[in-house]
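Asker: Take a look at this one; I'll ask things after.
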Ligand code: PEP
Ligand code: MG
């Protein structure tokens with residue numbers, strides 16, 4: 001049994017069979033063929049070995065000619081290994097007796113050989129393991145190239161990869177992908193956010209582990225505690241099955257809270273809103289009792305890299321607004337850039353005008369670059385298109401417009417002015433739109449916190465984005481597992497920033513909410529209410545647990561907790577304190593899933 005610790009980013013537990021995206025991006029799943037197709041598979045294997053051998057011989061000859069015999073010998077070694085009779089027989093048996101497909105036979109056999117070499121603590125043997133993995137990739141490339149179109153999931157799997165982009169995650173078929181785990185990634189990366197939206201348990205930032213997993217292995221992904229277990233023993237399996245059962249019972253109990261108000265014991269009403277990325281999630285918001293949508297991340301309309309036209313924007317917004325039946329919907333203008341959907345190095349020269357790449361150049365430091373509102377203000381034609389669609393969709397229900405990553409008051413004023421201009425344009429053309437639309441900003445940049453009094457005089461509302469605020473205030477990349485020890489939204493620095501922002505908003509009577517991931521963690525609810533927040537926007541699945549806390553506390557008690565937390569020096573101190581306060585609140589949860 002192997003147990004690895006990573007970062008929990010999307011709750012839930014899944015037990016199942018591993019499927020691996022290897023470093024080449026090939027998807028490896030256990031796959032068998034019909035018994036009468038086994039001979040065909042064997043022929044495919046022979047042909048792939050023949051082609052691979054030919055490639056290797058050519059490499060050997062050209063390397064020998066240019067660099068000398070000792071370098072050519074590396075390829076000679078690969079050739080000898082690939083043509084080894086014993087190795088071939090193992091793969092042949094896997095096909096003829098177990099009816100594995102050619103690629104799975106290659107993968108399983110060579111992976112097992114490599115693992116044997118890796119287990120010997122000797123640098124020479126480790127090199128041999130790398131040679132075998134190299135061969136595996138080479139043969140698989142030939143086999144999979146031939147069948148790439150047919151690679152689809154056909155049964156439930158747990159997916160493993162070095163990294164997954166937000167678009168890859170968003171396009172996962174959730175009928176089959178039960179959970180995923182990756183070597184890279186950080187706690188509030190957009191891949192993590194999408195996993196939560198899809199309600200797939202996920203663990204990221206596990207470090208190098210793919211070599212230790214073979215497709216078809218039994219694995220457990222624990223998205224609550226960030227643990228990955230490979231080859232669990234009976235006892236561990238039993239414990240996790242038990243956790244799954246408990247979770248289902250808990251879900252049913254939480255379900256009963258849906259129609260109850262999020263009202264504290266002293267009668268303070270708390271507004272719980274949903275965060276969404278895709279229009280269909282508005283249903284999940286309603287199912288969990290959300291009173292509206294506090295953050296609609298519209299950049300997911302750009303999934304795949306093409307620019308949506310005005311009607312695509314409009315249709316998505318209208319769908320969300322209508323399905324919320326009169327509840328408020330806050331639409332955030334696109335927050336493209338950094339780790340969001342900018343996954344390839346784009347080139348302005350090659351891109352078409354309908355591609356995102358036409359508008360965005362590769363940057364050295366994208367988190368500090370042309371992202372978010374900065375991009376909208378530079379590419380005004382795209383911004384106006386989105387604003388027109390939002391204002392038009394507002395005819396179908398109440399809408400608010402929110403600008404992301406605002407840094408200066410001039411940016412805010414410019415964005416507001418463009419909205420006014422778009423309104424005028426719609427009016428002149430006689431197109432119906434929502435005239436009185438509230439406009440607000442996300443508080444995600446420390447500069448805004450320091451100038452918050454100025455913003456508070458002008459904006460209609462604030463929403464605090466602690467995912468980015470933490471990244472920028474503590475200078476930690478939110479997607480980087482190696483600095484995750486510094487990334488904590490409960491850091492006293494962030495608490496002070498929340499305090500300043502909330503007080504300024506209260507003074508000017510401006511609504512303020514929090515929509516970063518920290519508001520979805522029920523351990524933080526007492527703190528956030530104590531700091532003065534009365535509106536929290538969280539991923540829909542988190543609403544019941546947050547509501548459960550709201551209904552169990554009174555505001556005086558929350559204020560005392562917040563005051564004490566604000567005096568602390570370290571994030572770990574705050575986290576432990578909040579955890580113990582939560583335990584006190586729910587003594588009956590002792591031993592429960594979280
Ligand atoms: C945030 O930064 O906290 C936020 C809600 O925005 P996003 O996660 O989309 O960057
Ligand atoms: Mg943000």
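Asker: Take residue 65 and decide whether it is part of a helix (DSSP H, G or I) and under 16 Å from residue 214 (Cα atoms). Before the answer, list the steps.
Answerer: Working: part of a helix (DSSP H, G or I): yes; under 16 Å from residue 214 (Cα atoms): no.
Judged against the criteria, residue 65 is not a match.
Asker: Let me ask something additional. Residue under question is residue 488, and the condition is that it be touching a helix residue (DSSP H, G or I) at 6+ places or on another chain (Cβ under 8 Å), more than 16 Å from ligand 2 (Cβ to nearest atom) and under 14 Å from residue 186 (Cα atoms); does it hold?
Answerer: Working: touching a helix residue (DSSP H, G or I) at 6+ places or on another chain (Cβ under 8 Å): yes; more than 16 Å from ligand 2 (Cβ to nearest atom): yes; under 14 Å from residue 186 (Cα atoms): yes.
It is true that residue 488 is touching a helix residue (DSSP H, G or I) at 6+ places or on another chain (Cβ under 8 Å), more than 16 Å from ligand 2 (Cβ to nearest atom) and under 14 Å from residue 186 (Cα atoms).
Asker: Now a separate question. Restricting attention to the stretch 91-106, does a residue exist that is outside any helix (DSSP H, G or I), under 20 Å from residue 144 (Cα atoms) and within 34 Å of the chain's Cα centre (by Cα)?
Answerer: Within the stretch 91-106, one or more residues are outside any helix (DSSP H, G or I), under 20 Å from residue 144 (Cα atoms) and within 34 Å of the chain's Cα centre (by Cα).
Asker: In the stretch 416-452, which residues are part of a helix (DSSP H, G or I), within 16 Å of ligand 2 (Cβ to nearest atom) and in contact with a helix residue (DSSP H, G or I) (Cβ under 6 Å, 6 or more places away or on another chain)? Before the answer, list the steps.
Answerer: Residues of the stretch 416-452 that are part of a helix (DSSP H, G or I), as a first pass: 416-428, 446-450, 452.
Now restrict to residues that are within 16 Å of ligand 2 (Cβ to nearest atom): 446-449.
Answer for the stretch 416-452, where residues must be part of a helix (DSSP H, G or I), within 16 Å of ligand 2 (Cβ to nearest atom) and in contact with a helix residue (DSSP H, G or I) (Cβ under 6 Å, 6 or more places away or on another chain): 446, 449.
Asker: Just wondering, is there one or more residues in the stretch 550-557 that are away from ligand 2 (no atom under 16 Å from the Cβ) and touching a strand residue (DSSP E or B) at 6+ places or on another chain (Cβ under 8 Å)? Quick ask: steps written out before the conclusion?
Answerer: Narrowing the stretch 550-557 to residues away from ligand 2 (no atom under 16 Å from the Cβ): 550-557.
Going one step further and asking which of them are touching a strand residue (DSSP E or B) at 6+ places or on another chain (Cβ under 8 Å), we end up with 550-551.
Yes, the stretch 550-557 has at least one match.
Asker: Here is a follow-up. Return the residues of the stretch 501-521 that are crowded, with 21+ Cβ neighbours inside 10 Å and more than 16 Å from ligand 1 (Cβ to nearest atom); say none if nothing qualifies.
Answerer: 504, 505
Asker: With within 22 Å of residue 262 (Cβ to Cβ), within 14 Å of ligand 1 (Cβ to nearest atom), assigned to a helix (DSSP H, G or I) and modelled with pLDDT of 95 or more as the only criterion, which of 527, 498, 536 stands out? So that I can check it myself, show each step before the final result.
Answerer: Values: 527 fails: within 14 Å of ligand 1 (Cβ to nearest atom); 536 fails: assigned to a helix (DSSP H, G or I).
That would be 498, the only listed residue that is within 22 Å of residue 262 (Cβ to Cβ), within 14 Å of ligand 1 (Cβ to nearest atom), assigned to a helix (DSSP H, G or I) and modelled with pLDDT of 95 or more.
Asker: Scan the stretch 406-443 for residues that are within 16 Å of residue 376 (Cβ to Cβ) and either without any contact (Cβ under 8 Å) to a residue 60 or more places away in the chain or more than 16 Å from ligand 1 (Cβ to nearest atom) (or both) and report the count. Quick ask: steps written out before the conclusion?
Answerer: Of the stretch 406-443, the ones within 16 Å of residue 376 (Cβ to Cβ) are 406-408, 410-422, 439-442.
Cutting the leftovers down to either without any contact (Cβ under 8 Å) to a residue 60 or more places away in the chain or more than 16 Å from ligand 1 (Cβ to nearest atom) (or both) gives us 406-408, 410-422, 439, 441.
Here the count works out to 18.
Asker: Got a sec? Which of 289, 294 is touching a residue at least 24 places away in the same chain (Cβ under 8 Å), farther than 24 Å from residue 378 by Cα and within 16 Å of ligand 2 (Cβ to nearest atom)?
Answerer: Numbers: 289 fails: within 16 Å of ligand 2 (Cβ to nearest atom).
Only one candidate qualifies: 294.
Asker: Output the residues belonging to the stretch 463-474 that are without any contact (Cβ under 8 Å) to a residue 60 or more places away in the chain and either out of contact with any helix residue (DSSP H, G or I) (no Cβ under 7 Å at 6 or more places or on another chain) or away from ligand 2 (no atom under 13 Å from the Cβ) (or both).
Answerer: 474
Asker: Give the stretch 339-377 a look and list any residue that's more than 16 Å from ligand 2 (Cβ to nearest atom) and at pLDDT 95 or above, or say none.
Answerer: Applying the first criterion (more than 16 Å from ligand 2 (Cβ to nearest atom)) to the stretch 339-377 yields 343-365, 377.
If the condition is that a residue be more than 16 Å from ligand 2 (Cβ to nearest atom) and at pLDDT 95 or above, then 377 is the only one that fits.
Asker: For a quick check of your reading of the model, give me the residue pairs whose first member lies in the stretch 324-348 and is over 24 Å from residue 273 (Cβ atoms) and in a strand (DSSP E or B), whose second is at pLDDT 75 or above and within 12 Å of ligand 2 (Cβ to nearest atom), with beta-carbon atoms closer than 7 Å and at least 6 apart or on different chains.
Answerer: Correct list of pairs: 337/371; 337/372.
Asker: Name the single residue, out of those in the stretch 319-338 being in contact with a helix residue (DSSP H, G or I) (Cβ under 6 Å, 6 or more places away or on another chain) and surrounded by fewer than 21 Cβ atoms within 10 Å (Cβ to Cβ), that is farthest from residue 436 (Cα to Cα).
Answerer: 323
Asker: Can you go through 460, 477, 482 and tell me which one is away from ligand 2 (no atom under 16 Å from the Cβ) and either under 17 Å from residue 521 (Cα atoms) or in contact (Cβ under 8 Å) with a residue 24 or more places away in the chain (or both)?
Answerer: Details: 477 fails: away from ligand 2 (no atom under 16 Å from the Cβ); 482 fails: either under 17 Å from residue 521 (Cα atoms) or in contact (Cβ under 8 Å) with a residue 24 or more places away in the chain (or both).
The unique qualifying residue is 460.
Asker: Out of 258, 253, 263, I need the residue that is farther than 24 Å from residue 3 by Cβ and modelled with pLDDT of 95 or more. Which one?
Answerer: Values: 258 fails: modelled with pLDDT of 95 or more; 253 fails: modelled with pLDDT of 95 or more.
None of the others qualify; the one that does is 263.
Asker: Something else now. When only residues in the stretch 400-415 that are within 16 Å of ligand 2 (Cβ to nearest atom) and assigned to a loop (DSSP other than H, G, I, E, B) count, which is farthest from residue 275 (Cα to Cα)?
Answerer: Result: 407.
The values are calculated or read from the model by the stated rules, or taken from the named source; none is laboratory data. Not measured: the values here are computed from a predicted model. Glycine also receives a Cβ, built like all others from the backbone with ideal geometry; neighbour counts cover every protein chain displayed.
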